[in-house]
Amino acid sequence: MERNTHQLFDAYFMQADMRLIFSDAGRMQGMLDFEAALARAEARCGVIPQSAVASIEAACRAELYDPVTLAQAIVSSGNSAIPLVKALGKRITAQDAEAEKYLHLGATSQDAMDTGLMLQLRQAMALLERDLSSLGEKLAAQAERHAATPMAGRTWLQHATPVTLGMKIAGWLGAINRHRQRLAEIKPRVLCLQFGGASGSLAALGKQAWPVSQALAAELELNLPDQPWHTQRDRLVEFASLLGMIAGSLGKLGRDLSLLMQTDVGEVFEPSAPGKGGSSTMPHKRNPVGSAVMISAATRAPGLVATMLSAMPQEHERSLGLWHAEWETLPELCCLVSGSLQQALQATAGLEFDADRMAGNLEQTRGLVLAEAVSIALAQRIGRDAAHHLVEQCCKRAVADGRHLRGVLGETAEVRQELTDAELDRLLDPVFYLGEAQRWVERAVAEHRSLY
């Protein structure tokens, strides 16, 4: 039975499918797939007899090997490929001693581990692509639905000028659109074969080295790089950096949503469900439990990305320790981001909104959020500085007297000389001060649609 020491929090913080990719079995299968493909490629090139392939392939199944035994052997060997290839060789020998002679021919441990990782990352990218696309679709639908729903814009956590809920959601969507584009762009660069042998020259295969490399890349459907990349880790770091950005954008979504869920704001909420977001002692609580995962992943991801960056200056043709630092770091990043995506999908699919609360919050400052609109209208008539000073004084009087800005403006002679009651009413109506909010929604949604 496979060990799993992450069961307590896995369901909350990570996606089960992603955890499976980077499970012990997933890691072993990636390396075993490399070994089986290597045998097929070398047979195609005449390096080993075709008769050896079936026996090697039959033994390349992760369920045949014990991860606990492998883990104990790694303590002495220093990596996972050495004991796995030994165990693989023993199993092949038991069935076909002749075939065992041709196992792992010309390869090194890092070839098996890095290429196995590439096969895992290909699966991981497919999950990310699927979930990012699905999240984009949900955000696009919500942005269109609320394109004209006014709410208070907030800068420095204070009410600013009005925006729309659709505009806010379109901002989340735009980031997801860009991450989908980035992922598509880097896939060909990242998903490359690693095959260089002992020091990267493939000398053990002689003149057959390049044909075998081509055949192996074709077998695994990986790109064939210009040269082995044992200590050139920019591909992995580029992917790690993208994962960090995705985590950050999802954290932004979770942060905004959790702030909008605050009791004092109460405008937008994660979907409710029996037992979701409750407290162990306070029956009334409705906590943003999905947002917590998104914010948590965004908090943890930068340190993991920093580890990948720190591991880049690897020594000569094979690294001591820096390569080892990647082994758990990149999988953890993948798992964290996948979990954050799952929470984002759940939250955005059933977002709950309180339009009345949004409208009420817009009125909290008694018209002050539209002071800019009045100032700009007056500036066209009396100049910018004079208009700004005049409206600023009116705002101060409104705050000091606890009155609505409209009343103060309406009794201020300098204002009434320039603006009619109808003009003031319009200027202080949030619906008429939403700028290009609708356009931003349309553009973000159009960009999303273009990515299909």
Run the numbers for ARG357 and ARG426: contour at 0.36 nm per residue of separation, minus the present Cα-Cα distance, in nm.
22.7 nm
Sorted on mean Cβ neighbours within 10 Å (highest first), peptides 200-206, 77-83 come out as 77-83, 200-206
Packing-based ranking, highest mean first, of 368-375, 334-341, 155-162, 393-400 given that Cβ atoms within 10 Å are counted:
334-341, 368-375, 393-400, 155-162
Charge dipole of the chain built from unit charges on the beta carbon (Lys, Arg +1; Asp, Glu -1), centred at mean Cα; most positive-end Cα among ILE21, ALA81, LEU259 is LEU259
CD proxy at 222 nm, helix term only [per DSSP H run n ≥ 4: -39500 (n - 2.57); per residue of the chain; nearest 500]:
-21000 deg cm²/dmol
Leading residue at positive end of dipole, the chain (Cβ point charges), from SER109, TYR12, PHE34
TYR12
Find the centroid of the Cα atoms in the range 103-125 and in the range 176-215, then give the distance between the two in whole Å.
10
Probe of 1.4 angstrom, ligands and nucleic acids ignored: what's the accessible area per residue over the chain, in square angstrom?
47
For the range 167-257 the translational diffusion coefficient, Stokes-Einstein from a Kirkwood Rh over Cα pairs at 25 °C and viscosity 0.890 mPa s, in µm²/s, is roughly 157
Which shape class applies to the range 365-432: rounded if a/c is under 1.5, otherwise prolate when a/b exceeds b/c and oblate if not, where a ≥ b ≥ c are the square roots of the Cα gyration tensor eigenvalues?
rounded
Where the centroid of each part is defined by its Cα atoms, how far is the range 242-266 from the range 340-376 in Å?
14
Where nothing but the Cβ of Lys and Arg (+1) and of Asp and Glu (-1) is charged, how large is the charge dipole of the chain around its Cα centre, in debye to the nearest 20?
180
Quick one: net charge around ASP429, please, counting Lys, Arg +1 and Asp, Glu -1 for every other residue with C-beta under 15 Å from its C-beta.
-2
Please report Rg over Rh for the chain, where both radii come from the alpha carbon positions and Rh follows the Kirkwood definition.
1.15
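The values are calculated or read from the model by the stated rules, or taken from the named source; none is laboratory data. What you see is a predicted model; the values in this text were computed from it and never measured. Every residue, glycine among them, receives a Cβ derived from its backbone with ideal geometry; neighbour counts consider all protein chains shown. Surface areas here come from the heavy atoms of the whole protein model, side chains and all, with no ligands, DNA or RNA. Shrake-Rupley method; radii C 1.70, N 1.55, O 1.52, S 1.80 Å.
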